[in-house]
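**Student:** Structure incoming, see below.
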Amino acid sequence: MNRMTTAEATVAALFAHGIDTIYALPGIHNDPLFDALFQASDRIRTVHARHEQGAAYMALGAALASGRTQAYTVVPGPGLLNTGAALLTAYGMNAPVLALIGQIPQQQIGRGFGHLHEMRDQSGEDTGLVDFSDRIRAPHEAPALVAAAIRAMRTGRPGPAALECAIDVWGRSGPVPPVGPPTPEPVLIDEDAVLAASKRLGAAARPLIVCGAGAQDASEEVTQLSALLQAPVAGYRRGRGVLDSRDPLSVTLPLAHELWAEADVVLGVGTRLHVQQTQWGLDKDLAVIRIDADPEEPERYRRPAVALIGDAKPILRRLLDVLPAHNRARPSRHAEMQERQAKLRARLAKLGPQLAFLEAIRAELPEDGIFVDEVTQVGFASRLALPVYKPRTFISPGHQDNLGWGFATALGVQHARPDVPVLSISGDGGFLYTANELATAMHHRIPLTTIVFADGAFGNVRRIQQEQYGNRLIACDITNPDFVRFAESFGAAAERVRTPEALRGALRRGLARRDLPTVIEVPVGSMPSPWEFIVLPRVRGN
Ligand SMILES: Cc1ncc(C[n+]2csc(CCOP(=O)(O)OP(=O)(O)O)c2C)c(N)n1
Ligand SMILES: [Mg+2]
């Protein structure tokens with residue numbers, strides 16, 4: 001056994017589990033941890049942000065872009081709470097993000113002395129935000145607790161975890177057991193369920209595949225299955241890019257809604273199917289098959305015809321082996337789908353201003369470039385209409401739809417994927433949530449390109465007040481800085497463009513710039529509502 005401090009043992013365990021970066025904001029509670037990170041700086045990079053939410057969103061972005069576990073560390077109390085929205089979003093997105101949180105002295109926890117950064121029931125706060133949380137109470141506990149947290153984040157439904165350590169424990173030394181290599185989880189596939197699913201899918205006249213984030217690492221398998229079944233593949237926010245948008249069978253929400261009404265068998269891959277089941281409806285003529293890593297998910301709303309529990313990729317591989325023996329002969333649906341896609345494009349033309357900007361973006365962002373969505377007008381339209389060519393290249397916040405998440409998350413995406421250009425879009429409302437992190441981008445030389453669509457309003461709220469509340473406008477007009485001068489004051493490159501054509505030029509310059517962040521301000525007016533394409537009526541059952 002080695003003698004180490006708790007902090008050293010924790011850092012060694014993180015490294016042994018493949019963590020090579022920690023997003024951070026330091027403070028006295030965690031000083032020994034930062035000293036251990038200094039000693040390990042040849043193995044783990046410490047990337048400090050300017051607000052704890054920036055550090056946590058960066059870890060989230062890095063996890064989403066890489067598919068690997070990421071970590072951040074902050075002080076207790078306000079430090080933890082400042083990461084709350086990011087941790088909640090990581091939970092909603094099933095993202096493996098480990099929060100390492102400081103604590104007040106171990107023997108004073110819960111006694112209300114008024115220690116620096118003390119909060120009542122901090123451990124309870126952790127427990128409410130993540131599925132796995134614990135406290136490291138001594139050096140020898142660190143390796144096993146880090147291993148348990150990482151295993152919990154990767155087993156079943158993935159998600160964040162939290163480990164606390166008290167100010168007086170991080171620096172304490174003691175004998176520490178060695179960290180073994182992580183043992184891979186066995187892949188268990190229910191062969192009876194594979195056969196049942198193959199028979200149902202093989203016999204289906206109008207099968208439909210719906211993908212969520214759980215399908216992002218099974219793009220090849222979904223593509224093959226779609227071709228075998230001539231089944232359209234639907235993705236909305238987190239399932240986009242699983243099937244290349246250039247495939248005529250690749251559909252977004254409005255066509256998925258039409259197809260849901262017609263389908264006889266639906267295969268949901270790594271998706272809650274929440275909107276579909278609760279809003280679009282179910283009936284006895286629709287058999288639902290679910291593939292999900294979370295054993296509780298398939299039956300949450302209604303028991304499906306078949307449930308396959310585990311990682312989508314190996315399960316789909318087995319389906320691809322077994323299905324051909326049961327599959328009926330299928331004519332190509334390409335012509336039909338091309339026609340339906342054209343009809344949808346004609347309807348979506350109503351969103352002209354948003355689509356013109358998205359066309360400019362798609363023309364300049366390389367195929368493997370990564371687009372990070374925000375809760376803004378062009379973002380809503382991107383979920384419906386931006387062509388996405390590869391998995392993990394369309395990063396959207398999922399069901400939290402958490403305004404202000406985008407810019408700092410995109411910094412983490414770009415930090416984790418320095419090999420490809422990353423584009424963040426924001427409204428003027430969302431951008432200023434974390435725009436201070438431009439300082440982080442400068443300090444760590446993160447060459448992210450950001451578009452800020454500036455309409456001088458929380459535009460989405462404003463339009464709803466206009467259309468549904470008799471134009472009684474309240475708390476929706478906003479006063480902006482000059483975003484170009486603001487960005488330049490940090491040392492970032494910045495420009496202002498007004499048209500989609502001019503945006504193309506600015507994007508070409510920004511995406512090629514690999515040593516500095518770029519901010520492009522686009523002054524815009526109000527934009528047409530996308531909601532008729534997103535909130536869709538019941539089409540089955542009653
Ligand atoms: C954390 C959070 N707070 C509030 C909202 C509600 N909300 C949704 S859209 C929006 C306005 C967004 O404004 P902006 O970023 O400027 O985008 P725009 O609609 O103007 O394009 C607000 C306040 C939210 N989704 N998330
Ligand atoms: Mg706005």
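The values are calculated or read from the model by the stated rules, or taken from the named source; none is laboratory data. This one's a predicted model, so the numbers in the text were calculated from it and none came from an experiment. Ideal geometry is used to build each Cβ from the backbone, glycine not excepted, and the neighbour counts take in all protein chains shown.
**Student:** Taking the condition within 16 Å of ligand 2 (Cβ to nearest atom) and of a type in the set (F, W, Y), does F458 pass? Reasoning before the result, please.
**Tutor:** Values: within 16 Å of ligand 2 (Cβ to nearest atom): yes; of a type in the set (F, W, Y): yes.
So F458 passes the test.
**Student:** Next up: Show the residue pairs meeting these rules: Cβ distance below 6 Å; 6+ apart or different chains; first residue within the stretch 392-404 and within 6 Å of ligand 1 (Cβ to nearest atom); second residue among the hydrophobic types (A, V, I, L, M, F, W, C).
**Tutor:** Sorted first by the residue in the stretch 392-404, then by its partner, the pairs are D401/V375; N402/A85; L403/V375.
**Student:** Can I ask one more? Show the residue pairs meeting these rules: Cβ distance below 8 Å; 6+ apart or different chains; first residue within the stretch 471-487 and more than 17 Å from T434 (Cα to Cα) and within 14 Å of ligand 2 (Cβ to nearest atom); second residue of a type in the set (A, V, I, L, M) and not in a loop (DSSP other than H, G, I, E, B).
**Tutor:** Close Cβ pairs satisfying both conditions: A475/V461; C476/A457; C476/V461; D477/A457.
**Student:** Exactly one condition in (1) within 27 Å of G352 (Cα to Cα); (2) buried (at least 24 other Cβ atoms within 10 Å of the Cβ); (3) more than 16 Å from ligand 2 (Cβ to nearest atom) is not met by T409; state its number.
**Tutor:** Of (1) within 27 Å of G352 (Cα to Cα); (2) buried (at least 24 other Cβ atoms within 10 Å of the Cβ); (3) more than 16 Å from ligand 2 (Cβ to nearest atom), only one is false for T409: (1).
Residue by residue, here is whether (1) surrounded by 15 or more Cβ atoms within 10 Å (Cβ to Cβ); (2) aliphatic (A, V, I, L, M); (3) out of contact with any Cys (no Cβ under 8 Å at 6 or more places or on another chain) holds:
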| residue | (1), (2), (3) |
| --- | --- |
| L438 | yes, yes, yes |
| P447 | yes, no, yes |
| L473 | no, yes, yes |
| S529 | yes, no, yes |
| I534 | yes, yes, yes |
| V539 | yes, yes, yes |
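**Student:** Name the residues in the stretch 363-386 that are surrounded by fewer than 19 Cβ atoms within 10 Å (Cβ to Cβ) and in a helix (DSSP H, G or I), would you?
**Tutor:** Initially, the stretch 363-386 is screened for residues surrounded by fewer than 19 Cβ atoms within 10 Å (Cβ to Cβ), giving 363, 366-368.
Passing the criteria: only A363.
**Student:** Quick check: anything in the stretch 386-396 within 16 Å of ligand 2 (Cβ to nearest atom), of a type in the set (S, T, Y) and more than 13 Å from the chain's Cα centre (by Cα)?
**Tutor:** Of the stretch 386-396, the ones within 16 Å of ligand 2 (Cβ to nearest atom) are none.
No.
**Student:** Scan A12, A65, A55 and give me the residue that is under 20 Å from the mean Cα position of the chain (by Cα) and in contact (Cβ under 8 Å) with a residue 60 or more places away in the chain. Show your work before the answer.
**Tutor:** Values: A12 fails: under 20 Å from the mean Cα position of the chain (by Cα); A55 fails: in contact (Cβ under 8 Å) with a residue 60 or more places away in the chain.
None of the others qualify; the one that does is A65.
**Student:** Counting just the residues of the stretch 352-384 that are among the hydrophobic types (A, V, I, L, M, F, W, C) and within 16 Å of ligand 2 (Cβ to nearest atom), which one comes out nearest to G429 (Cα to Cα)? So that I can check it myself, show each step before the final result.
**Tutor:** Step one: filter the stretch 352-384 for residues among the hydrophobic types (A, V, I, L, M, F, W, C), giving 355-358, 360-361, 363, 365, 370-372, 375, 378, 380-381, 384.
Now drop any that are not within 16 Å of ligand 2 (Cβ to nearest atom), which leaves 357, 375, 378, 380-381.
Working: F357: 18, V375: 9, V378: 13, F380: 15, A381: 17 Å.
Filtering the stretch 352-384 for residues that are among the hydrophobic types (A, V, I, L, M, F, W, C) and within 16 Å of ligand 2 (Cβ to nearest atom), the one nearest to G429 (Cα to Cα) comes out as V375.
**Student:** Is there any pair with a first residue in the stretch 430-458 that is under 18 Å from H48 (Cβ atoms) and a second that is within 9 Å of ligand 1 (Cβ to nearest atom) and in a loop (DSSP other than H, G, I, E, B) whose Cβ atoms are under 9 Å apart and which are 6 or more apart or on different chains, and what are they?
**Tutor:** T434/G404; T434/W405
**Student:** Something else about it: Would you mind finding the one in A381, A416 that is of a type outside the set (S, T, N, Q) and more than 12 Å from ligand 1 (Cβ to nearest atom)? So that I can check it myself, show each step before the final result.
**Tutor:** On the way: A381 fails: more than 12 Å from ligand 1 (Cβ to nearest atom).
When all the criteria are applied, what remains is A416.
**Student:** Something else now. Right, F533: within 12 Å of ligand 1 (Cβ to nearest atom) and among the aromatic types (F, W, Y) or not? Please lay out each step first, then the result.
**Tutor:** Values: within 12 Å of ligand 1 (Cβ to nearest atom): no; among the aromatic types (F, W, Y): yes.
Judged against the criteria, F533 is not a match.
**Student:** Let me ask something else. How about the stretch 118-139: which of its residues are touching a helix residue (DSSP H, G or I) at 6+ places or on another chain (Cβ under 6 Å) and more than 14 Å from G84 (Cα to Cα)?
**Tutor:** Filtering the stretch 118-139 down to residues touching a helix residue (DSSP H, G or I) at 6+ places or on another chain (Cβ under 6 Å) leaves 129, 132-134, 136, 139.
Hits for the stretch 118-139 are F132, S133, D134, I136, P139.
**Student:** Being crowded, with 17+ Cβ neighbours inside 10 Å and in contact with a helix residue (DSSP H, G or I) (Cβ under 6 Å, 6 or more places away or on another chain) is the filter here, so list the residues in the stretch 294-304 that pass it.
**Tutor:** If the condition is that a residue be crowded, with 17+ Cβ neighbours inside 10 Å and in contact with a helix residue (DSSP H, G or I) (Cβ under 6 Å, 6 or more places away or on another chain), then no residue fits.
**Student:** Another question about this same structure. Examine the stretch 158-174 for a residue that is without any contact (Cβ under 8 Å) to a residue 60 or more places away in the chain, surrounded by fewer than 21 Cβ atoms within 10 Å (Cβ to Cβ) and not in a strand (DSSP E or B), and state whether such a residue exists. Walk me through it before giving the result.
**Tutor:** Start the filter on the stretch 158-174 by keeping residues that are without any contact (Cβ under 8 Å) to a residue 60 or more places away in the chain, which leaves none.
Scanning the stretch 158-174, I find no residue that is without any contact (Cβ under 8 Å) to a residue 60 or more places away in the chain, surrounded by fewer than 21 Cβ atoms within 10 Å (Cβ to Cβ) and not in a strand (DSSP E or B), so the answer is no.
**Student:** Taking the stated definitions as given, is L116 surrounded by 19 or more Cβ atoms within 10 Å (Cβ to Cβ), within 26 Å of Q53 (Cα to Cα), touching a residue at least 60 places away in the same chain (Cβ under 8 Å) and not β-branched (V, I, T)? Don't jump to the end; show me each part of the working.
**Tutor:** On the way: surrounded by 19 or more Cβ atoms within 10 Å (Cβ to Cβ): no; within 26 Å of Q53 (Cα to Cα): yes; touching a residue at least 60 places away in the same chain (Cβ under 8 Å): yes; not β-branched (V, I, T): yes.
It is false that L116 is surrounded by 19 or more Cβ atoms within 10 Å (Cβ to Cβ), within 26 Å of Q53 (Cα to Cα), touching a residue at least 60 places away in the same chain (Cβ under 8 Å) and not β-branched (V, I, T).
**Student:** Out of L351, L308, report the one residue that is closer than 28 Å to I520 by Cα and either touching a strand residue (DSSP E or B) at 6+ places or on another chain (Cβ under 7 Å) or within 16 Å of ligand 1 (Cβ to nearest atom) (or both). Before you say what the answer is, go through the steps one by one.
**Tutor:** Numbers: L308 fails: closer than 28 Å to I520 by Cα.
Going through L351, L308 in turn, just one is closer than 28 Å to I520 by Cα and either touching a strand residue (DSSP E or B) at 6+ places or on another chain (Cβ under 7 Å) or within 16 Å of ligand 1 (Cβ to nearest atom) (or both): L351.
**Student:** Next up: Does the stretch 228-248 contain any residue that is assigned to a loop (DSSP other than H, G, I, E, B), among the polar types (S, T, N, Q) and surrounded by 23 or more Cβ atoms within 10 Å (Cβ to Cβ)?
**Tutor:** Filtering the stretch 228-248 down to residues assigned to a loop (DSSP other than H, G, I, E, B) leaves 230-232, 235-248.
Now restrict to residues that are among the polar types (S, T, N, Q): 230, 245.
Add one more test, that the residue is surrounded by 23 or more Cβ atoms within 10 Å (Cβ to Cβ), and what stays is none.
No: zero hits.
**Student:** Name the residue that is farthest from A487 (Cα to Cα), counting only residues in the stretch 423-454 that are within 13 Å of ligand 2 (Cβ to nearest atom) and β-branched (V, I, T). I'd like the intermediate steps shown before the answer.
**Tutor:** Filtering the stretch 423-454 down to residues within 13 Å of ligand 2 (Cβ to nearest atom) leaves 425-433, 451-454.
Checking which are β-branched (V, I, T) leaves us with 425, 451-452.
Working: I425: 15, I451: 12, V452: 11 Å.
Per the criteria, the residue is I425.
**Student:** Hey, could you check the stretch 449-471 for residues that are among the aliphatic types (A, V, I, L, M) and either farther than 25 Å from L507 by Cβ or surrounded by fewer than 17 Cβ atoms within 10 Å (Cβ to Cβ) (or both) and say which is nearest to the chain's Cα centre (by Cα)?
**Tutor:** Going through the qualifying residues, I end up with V461.
**Student:** Looking only at helices (runs of 4 or more DSSP H) that lie completely in the stretch 6-101, which have at least 2 residues being crowded, with 21+ Cβ neighbours inside 10 Å, modelled with pLDDT of 95 or more and touching a helix residue (DSSP H, G or I) at 6+ places or on another chain (Cβ under 6 Å)? It would help to see each step written out before you state the result.
**Tutor:** Working: elements: 6-16, 31-39, 52-66, 78-82, 84-92.
So the answer is 6-16, 31-39, 52-66, 84-92.
**Student:** Can you tell me which residues in the stretch 241-253 are in contact with a helix residue (DSSP H, G or I) (Cβ under 7 Å, 6 or more places away or on another chain) and within 22 Å of A65 (Cβ to Cβ)?
**Tutor:** The answer is V242, L243, T252.
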